[in-house]
Amino acid sequence: MAWTLSEIVARLGGELHGEDRLIARLAPLDEAGADEIAFVTGTKHADALRASAAGAVIVKADLLDIAARPAIVCADPYVYFARLAGLMCPPPAARAAGAHPSAAVAADAQVAASAEIREFVSIGAGAVIGERVLLMAGAVVEAGAVIGDDCVLHPRVVVHHGCVVGARCILHAGAVIGADGFGNAWAGDHWEKIPQIGRAVLGDDVEIGANTTIDRGALADTVIERGVRLDNLIHIAHNCRVGAHTAMAACVGVAGSTSIGANCMIGGAAMISGHLKIGDRVHISGGTLVAKNLDKPGQYTAVYPLATHKEWLGNAAHVRQLGKLAARVKQLEARLAAANATDPHSTKEPQ
Amino acid sequence: MAWTLSEIVARLGGELHGEDRLIARLAPLDEAGADEIAFVTGTKHADALRASAAGAVIVKADLLDIAARPAIVCADPYVYFARLAGLMCPPPAARAAGAHPSAAVAADAQVAASAEIREFVSIGAGAVIGERVLLMAGAVVEAGAVIGDDCVLHPRVVVHHGCVVGARCILHAGAVIGADGFGNAWAGDHWEKIPQIGRAVLGDDVEIGANTTIDRGALADTVIERGVRLDNLIHIAHNCRVGAHTAMAACVGVAGSTSIGANCMIGGAAMISGHLKIGDRVHISGGTLVAKNLDKPGQYTAVYPLATHKEWLGNAAHVRQLGKLAARVKQLEARLAAANATDPHSTKEPQ
Amino acid sequence: MAWTLSEIVARLGGELHGEDRLIARLAPLDEAGADEIAFVTGTKHADALRASAAGAVIVKADLLDIAARPAIVCADPYVYFARLAGLMCPPPAARAAGAHPSAAVAADAQVAASAEIREFVSIGAGAVIGERVLLMAGAVVEAGAVIGDDCVLHPRVVVHHGCVVGARCILHAGAVIGADGFGNAWAGDHWEKIPQIGRAVLGDDVEIGANTTIDRGALADTVIERGVRLDNLIHIAHNCRVGAHTAMAACVGVAGSTSIGANCMIGGAAMISGHLKIGDRVHISGGTLVAKNLDKPGQYTAVYPLATHKEWLGNAAHVRQLGKLAARVKQLEARLAAANATDPHSTKEPQ
């Protein structure tokens, strides 16, 4: 579906500079052609902008002079592009209200008439499915779970019994919301399972990646606050709290009862130990293991530096001797200090 | 469903001290109200116990004096709590014996009459489903697989052909038991797939987390012994053996042909290389990569210490020069020793 | 199904030495019995070969003398074994062409008559399913997706709308191809979702492990080239390119827009940051985080060395002081140099 630049500006705002033009698609700046529109986030891309064959561009005012083609000027081209992509390529949403004949919907489930329930979907007793919800193939909403208005559950998502998903959430394929937390009590010669009787509760506007798992709480709830974005293959353990608008890249793990503040950014494959408090606006670098509370905003890192395997062999062995090396340096300092104290030829310390 | 304290003691043992009382729910000590019961694991929680509004508590004898309310006294309050949670909030189990009309059950599968087979479940030719098994929505049990008595397979679990699951196992949503191991032979210009013809075999009382994968063996079997507890998003590769009652937190990976002993504890996101032998009662810290055999019980760690990103920058570069730094220290020691040997003013080494 | 050695050689090549014999199964060298065949990759297994009770073996010519039993001689016993396993234990493939009555196939999907579509499979509008494709229970192929000839999709695989899977690919249970990439633009007080309108495109002969996720591109495509092998629980982010015949062990993560060359080997739980270029024939050790471009072939490592927890405590604290330690060593060197320069007793540097 093609749009003219003037239609786009009428819908999304911004100022159109140059002639109106029909736009067929969005494309990256270096690949876009005459009927495509690209975006430019800043002046560091000025050369790429000059070289681009894009028929139109989304820019800030400071790049208008060198755009040299029809342009939409706005305050934040990246956000504008996000909204334009949503306009031109709308993501999945309920369209054909009603349930596919193969769906298994409990008699007492409350399913909004505007919801679309696709093939092989299961909805348990007493579950509540909000307005315009889309449940894709094979999604499972267990008994008593609540799915807010305008949610999209991709194929094979599972929302376990009694869990709550806020409005406008997107749960990607294979995500599991509210599986049992990992609760085991050692009973002398075996593990005794601790039934997990809390819930997993997601706020509004949360997006959860493919095959990510968010466990239900042991007694109290696991809580994902509004606007949180979790990528794929993330694990959130029981009784965690993830603050509003925090974003986590893929493969992150958060152990039980840890609380993470609002507006945090957690890099891919970071791992956060249990029973910790991480404050607001904390950034954790990818691959970092966090094992203590972090009160202050800022970036934290714990990554072993990369080298060729041969260089690594030459250095890593010394890591295991680092305490001894430090002790040897201390002793050298003491010896030199002692020598200086008794030696008439001793010099002042160099600066 | 509410229980009186005397009913609880009649079922689970322990001694009731104080008046009998009706208990509606279990709750954390700091959140519990007058109709709720909480547990206290030790004297370090004495202040929280005094401050709690819980209507009743589960304690050891040494905390009875300050409990100051109806209390159940027992040897291990945490285990007692686990059993009480199972009593008051029984986890999913087969109730409505028989198969949902949508289930696809092979004609020659052996399904116990007491098993509950829910919607969209597939059971392949010759599969065996034990007494009181619960197969939830969309679970797949392929041809020839065996599911022991009283197992619960949550939605969308897959047990591949010929694999064996012991009695009383719990497999959480999305777990995959017996997918092909990662077997590839380099054939000069491409990988040749090595068909994986072993099985995955799980002992009794095993619990497997959501979206965890346990691959089948290449020739011999992959074996998970009785009582093992695996959290979510764990990978166990082909031909591994995990010893009885070993527990692994989420996001752990174990590479092929590694054998792990009994009663081990593997922290979250730990990674264990292939073809290793890990003995009994080994504890691996979260985030640790293990690349050698570990014969002795004890805790092992390999974690880069966390710092602010700025501090990290100031230190990490030196890790890559650590071999050189150690050589410089050695040279300093030699110089000082040589200087001392020839210098009449030399002093004794400081202690 | 048993085969004689001469039948095997007639099918797969190699030279039969010794008497013909009926072979019932393949087995590991140390477990094989009289009716089983094992393979030996090299002379380091000579003692195991002598000790083995295998009825027949697959060896290179240099081990024929000590084989002392019927043997198939070939250039690469491991590859030969791979092919023999495929012959004796053929992996799942389409056999009963046609669709199970429960399958939900869109009216305008193009499904080859030779394809086998099992129970609870969904095929969306305009999807194309090639010859002899096997879609197992609960697999989902969304609208417009293309599945090449001879592919096998294990239970519950999801291929999202418009994505392309080449010929002869194997996608293991729970894999998700083409979920939305993790695209979010910060809009001042919340994340704005960036619709992901690229595709995920897999070449021929690709194998994808259980519960692995390969995201669709943001604008351009995510590309997995021919012959790639990915193990379980791997995450490939949007707009990545993985070169031909590259293999990744389980739990690897690759962040967005990173390009990885051909014939690379990525160890388990390695993590590769976004927007990087990794060249051909790069080997990354397990557990290594890569945060810079790697142009040259070779092995790269970034792993903190393992120790007992007590030893670790004694060393790790010094990692955080490593910059200071290096400065202290530098100062010692300067002091000693200054002392030597002014001290008439100074000696030459030791070698």
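Every number in this text was worked out from the coordinates using simple rules, so none of it is lab data. Computed from a prediction, not measured in an experiment: that's the story for all the values here. Heads up, the Cβs are rebuilt from the backbone with ideal geometry, glycines too, and the neighbour counts pull from every protein chain shown.
List of remarks:
- DSSP bridge orientation in region B:3-88 - percent antiparallel, rounded to nearest 5: 40
- If you plug the beta carbon distance of C:ASP30 and C:ALA61 into 1/(1 + (r/R0)^6) with R0 = 22 Å, you get a FRET efficiency near 0.45.
- By other beta-carbon atoms within 10 Å, ranking C:THR212, A:THR258, C:THR288, A:THR308 with the fewest at the front produces A:THR308, A:THR258, C:THR288, C:THR212.
- Order of B:CYS251, A:CYS264, C:CYS169 under a 10 Å beta carbon neighbour criterion, fewest first: A:CYS264, C:CYS169, B:CYS251
- The average projected area of region A:149-306, computed from the convex hull of its Cα atoms over all directions, is 9.9 nm².
- Simple spin-label estimate for C:ASP108 and B:GLU19 in nanometres, 7 Å along Cα-Cβ: 7.4
- Nearest-20 debye value, region B:3-88 charge dipole, Cβ charges on Lys, Arg, Asp, Glu: 140
- Legend: calculated FRET efficiency, C:LEU313 to B:ALA341, from the Cβ-Cβ distance at R0 = 45 Å, rounded to 0.05, equals 0.75.
- Every helix of 4 or more DSSP H residues in chain C counts as -39500 (n - 2.57), and over all residues that averages to -5000 deg cm²/dmol at 222 nm.
- Restricting attention to the protein assembly as shown, close to 15% of DSSP beta bridges with both partner residues there are antiparallel.
- Helical segments meeting 27 Å axial Cα length and Kyte-Doolittle -1.0 threshold in chain B (DSSP H): B:322-342
- Prolate/oblate/rounded label for the protein assembly as shown (Cα gyration tensor, a/c 1.5): rounded
- Neighbours of C:PRO101, meaning other residues whose beta-carbon lies under 12 angstrom from its beta-carbon, give a summed charge of 0 when Lys and Arg score +1 and Asp and Glu score -1.
- Starting from the label point of A:ARG95 at 7 Å along Cα→Cβ, the same points in the other copies fall at 3.9, 3.9 nm, in ascending order.
- Cα-based shape type of chain B, given that a ≥ b ≥ c are square roots of the gyration tensor eigenvalues and the cut on a/c is 1.5: oblate
- Working from label points 7 Å from Cα in the Cα-to-Cβ sense, the B:ASN293 to B:LEU87 distance is 4.8 nm.
- Overall form of region B:3-88 per C-alpha gyration tensor (a/c, 1.5; a/b vs b/c): rounded
- Position B:ASP30, label points 7 Å along Cα→Cβ, spacing to each other copy in nm (shortest first, one decimal): 5.1, 5.1
- Charge tally around C:VAL111: other residues with Cβ under 13 Å, Lys/Arg +1 each, Asp/Glu -1 each, net -2.
- Lysine pair count for chain A with Cα-Cα distance under 21 Å and sequence separation of 8 or more or different chains is 4.
- The charge dipole of the protein assembly as shown, taken about its Cα centre with unit charges on the Cβ atoms of Lys, Arg (+1), Asp and Glu (-1) only, comes to about 3040 debye.
- The ranking of A:ARG226, C:ARG95 from fewest to most other beta carbons within 10 Å of each one's beta carbon is C:ARG95, A:ARG226.
- With R₀ fixed at 51 Å, the C-beta to C-beta distance from A:ALA51 to A:ALA96 puts the FRET efficiency at about 0.70.
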